[in-house]
Amino acid sequence: MIASQRACALGLVPGYQDLPERFYARVAPEPVSRPRLIAFNAPLAEELGLDLDQADEATLAALFSGNDSVRVGGTVAVAYAGHQFGQFVPQLGDGRALLLGDAPGRDGVPREIQLKGSGRTPFSRGGDGRAALGPVLREYLVSEAMHALGIPTTRALAAVATGETVWRERPLPGAILTRVAASHVRIGTFEYFAARGDREALGLLVEHVLRRNPPAGALDQPPALALLDAVIERQARLVAAWMHVGFVHGVMNTDNTSIAGETIDFGPCAFLDGYDPATVFSSIDRHGRYSYSNQPHAARWNLARLAEALLPLIDPDPQRAIDRANAALEEFPRRFDAAWLEGMRRKLGLTTARAEDAVLVREWLDALHRGRVDYTLAFRDIAALADAEAAPRERLRARFADPSDFDAWTNAWEARIAHEPPLPPGARAAAMRRVNPAIIPRNHQIERAIGAAIDDGDFAPFTALSIVLGRPYDEAGPRTAGYARPPAPEERVTRTFCGT
Ligand code: AMP
Ligand code: MG
């Protein structure tokens, strides 16, 4: 093992690199000519236990461009496969990313550090191994916003401009993102070995994941089944959390489905503005496979691919393996529905559960849909109902094309609240504001920040947006109100593009 002590200049230790050589390719980053630091997430570095508080910008730029790792070695491109829009691709892998190693974590939980855009690898196929500035800024903003919203996600530790040009439809400035994940293992990693009939590797991967990302419950079942069960639980909770904030991932392929249950891959993702469950943003998703409302079904489909890959390890008897895997998969809809309803109750200010709650939520969403009401602001302003404040209530009512829709529903909501245990004045509204964000990463704001960076080299809008997105549940004040506003008709973004 060459990377025994220090996996890179950051003082990381090898984690995934301790698995056998067929799990990855050893590759060094391709150095870049003029690395310049765009953003560095100092609080995250501190959480990760990285000793960087004395590092100057040039040092950070050298570290997070990969220029420093070249010297130290130990970086790997990880092998994986995946189903992309339903089609199996037996080999994908890190075509433009490199794993540096594990950060210790101040909480003792190791996290993987990866460079994205660091040059070609044996998995690059036709690609250049690079990333353009726009997608790097987008991932930085949205992944950190997801974290601030309280949703499991990969994080962004740094963004560095490379000083080099990448060629997409037009020449663009190049950049590198440093991504942090509990694990970069995806459903596609299991599919890679399953497709090769490599049971030994599958077993090692199961062991690795169970050790690194241990499930909450006891391991009173075969390890592969315990793993499947844990991933089902994590994905049910994750996708429910996405639905609660109106997030559309956009490219829920099995290679973008994390075993650790984190949001990963921020290519064509976007948040709903006006509520329509059929919303699709991604330019390549022509049939709505990954539309907002289809996300739980897509997750269930992906989990079935994980189950298939794990079958030989679940039970030596093929039929019993299928039965046990199916029994685990059947839990997904129940768990998703429970997590979804639990979160929706909180968003509506309910602290207890009653049978009629699911209907109350559905009727609210149907009313939002009929009026294409802004999803985020509708939930945010609904706290006004609990406050019994007239002005915000009228403001919310006015968002509905047919205000009688709103009146009918609020009557039902008030009748339901009558069954709730009483709370001190203001407590219900305050609790609602803690789960209904005022500010989400709206696509028109992201595009504006990216445009200023690319066209004018002006990173101020990016930095300002990044700060505002860090406190999504704060009441919008004079300086932040513009970020809370939905896009004007001419600002609306209806199409997003993959970050390649
Ligand atoms: P993604 O769409 O980001 O999930 O990537 C799908 C696959 O394409 C992965 O194997 C990536 O590593 C690979 N890929 C994406 N962009 C590039 C690029 N610019 N160069 C090489 N490989 C890439
Ligand atoms: Mg991906």
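The values are calculated or read from the model by the stated rules, or taken from the named source; none is laboratory data. Values in this document were obtained by computation on a predicted structure and should not be read as measured data. Neighbour counts run over all protein chains shown; Cβ positions are idealised from the backbone, glycine included.
Show the residue pairs meeting these rules: Cβ distance below 8 Å; 6+ apart or different chains; first residue within region 9-25 and without any contact (Cβ under 8 Å) to a residue 40 or more places away in the chain; second residue of a type in the set (A, V, I, L, M) and surrounded by fewer than 18 Cβ atoms within 10 Å (Cβ to Cβ). Pairs that qualify, where the first residue is without any contact (Cβ under 8 Å) to a residue 40 or more places away in the chain and the partner is of a type in the set (A, V, I, L, M) and surrounded by fewer than 18 Cβ atoms within 10 Å (Cβ to Cβ), are Asp18/Met1. For region 318-337, taking the residues that are closer than 30 Å to Ala386 by Cβ and touching a residue at least 60 places away in the same chain (Cβ under 8 Å), the one that is surrounded by the fewest Cβ atoms within 10 Å (Cβ to Cβ) is identified as Arg335.
Checking each residue in region 156-167 for being touching an Asp or Glu at 6+ places or on another chain (Cβ under 9 Å) and either buried (at least 21 other Cβ atoms within 10 Å of the Cβ) or among the acidic types (Asp, Glu) (or both) picks out Ala156, Ala159. Looking at Asp285, Asp276, just one residue is away from ligand 2 (no atom under 15 Å from the Cβ), assigned to a loop (DSSP other than H, G, I, E, B) and either of a type outside the set (Ser, Thr, Tyr) or more than 29 Å from Met432 (Cα to Cα) (or both), and that residue is Asp276. Determine if region 352-375 includes at least one residue that is over 15 Å from Gly246 (Cα atoms), among the aromatic types (Phe, Trp, Tyr), crowded, with 17+ Cβ neighbours inside 10 Å and touching a residue at least 12 places away in the same chain (Cβ under 8 Å). No, there is no match, as no residue in region 352-375 is over 15 Å from Gly246 (Cα atoms), among the aromatic types (Phe, Trp, Tyr), crowded, with 17+ Cβ neighbours inside 10 Å and touching a residue at least 12 places away in the same chain (Cβ under 8 Å).
Out of region 26-51, which residues are in contact with a Leu (Cβ under 7 Å, 6 or more places away or on another chain) and either among the small types (Gly, Ala, Ser) or in a loop (DSSP other than H, G, I, E, B) (or both)? Those that are in contact with a Leu (Cβ under 7 Å, 6 or more places away or on another chain) and either among the small types (Gly, Ala, Ser) or in a loop (DSSP other than H, G, I, E, B) (or both): Val27, Pro29, Asn41, Ala45, Leu50.
Asp276 satisfies every condition listed in (1) surrounded by fewer than 22 Cβ atoms within 10 Å (Cβ to Cβ); (2) of a type outside the set (Lys, Arg); (3) under 25 Å from Tyr80 (Cα atoms) except (3). Among the residues of region 387-406, some residue qualifies, meaning at least one is exposed (fewer than 14 other Cβ atoms within 10 Å of the Cβ), in contact with a helix residue (DSSP H, G or I) (Cβ under 7 Å, 6 or more places away or on another chain) and not in a loop (DSSP other than H, G, I, E, B).
There is at least one residue in region 431-443 that is of a type in the set (Gly, Ala, Ser) and at pLDDT 95 or above. Taking the conditions exactly as written (within 21 Å of Ala159 (Cβ to Cβ) and not assigned by TED's automatic domain parsing to the domain that holds Phe379), does Ala438 satisfy them or not? No.
As a summary of the residue check, Ile232 satisfies the conditions (1) within 16 Å of ligand 2 (Cβ to nearest atom); (2) touching a helix residue (DSSP H, G or I) at 6+ places or on another chain (Cβ under 6 Å) except for the one numbered (1).
Among all residues of region 68-89, there is none that is within 20 Å of Pro29 (Cβ to Cβ), away from ligand 1 (no atom under 15 Å from the Cβ) and modelled with pLDDT of 95 or more.
Restricting attention to region 283-314, the residues that are buried (at least 23 other Cβ atoms within 10 Å of the Cβ) and of a type in the set (Ser, Thr, Tyr) add up to 2.
Taking region 262-273, which residues are under 14 Å from Ser143 (Cα atoms) and assigned to a loop (DSSP other than H, G, I, E, B)? Those that are under 14 Å from Ser143 (Cα atoms) and assigned to a loop (DSSP other than H, G, I, E, B): Glu262, Ile264, Asp265, Phe266, Gly267, Pro268, Cys269.
Taken over region 74-112, the criterion of being away from ligand 2 (no atom under 16 Å from the Cβ) and either free of Cβ contacts under 8 Å to residues at least 40 places away in the same chain or touching a Cys at 6+ places or on another chain (Cβ under 8 Å) (or both) is satisfied by Gly74, Thr75, Leu100, Gly101, Gly108.
Asn41 meets the conditions (1) under 30 Å from Tyr80 (Cβ atoms); (2) free of Cβ contacts under 8 Å to residues at least 24 places away in the same chain in every case but one. The failed one is (2). The residues in region 91-106 that are within 16 Å of Ala159 (Cα to Cα) and basic (Lys, Arg) can be counted, and the count is 1.
Within region 211-219, not a single residue is within 16 Å of ligand 2 (Cβ to nearest atom), closer than 21 Å to Gly150 by Cβ, out of contact with any Phe, Trp or Tyr (no Cβ under 6 Å at 6 or more places or on another chain) and not assigned by TED's automatic domain parsing to the domain that holds Glu139.
Selection of strands (runs of 3 or more DSSP E) fully inside region 97-189 by the criterion of at least 1 residues being among the small types (Gly, Ala, Ser) returns 97-103, 155-167, 171-181.
Across region 225-257, the qualifying residues are those that are out of contact with any Lys or Arg (no Cβ under 6 Å at 6 or more places or on another chain) and within 16 Å of ligand 1 (Cβ to nearest atom), and the one among them that is farthest from Glu139 (Cα to Cα) is Asn253.
Candidates Asp255, Asp315: the one that is charged (D, E, K, R), in contact (Cβ under 8 Å) with a residue 12 or more places away in the chain and within 16 Å of ligand 2 (Cβ to nearest atom) is Asp255.
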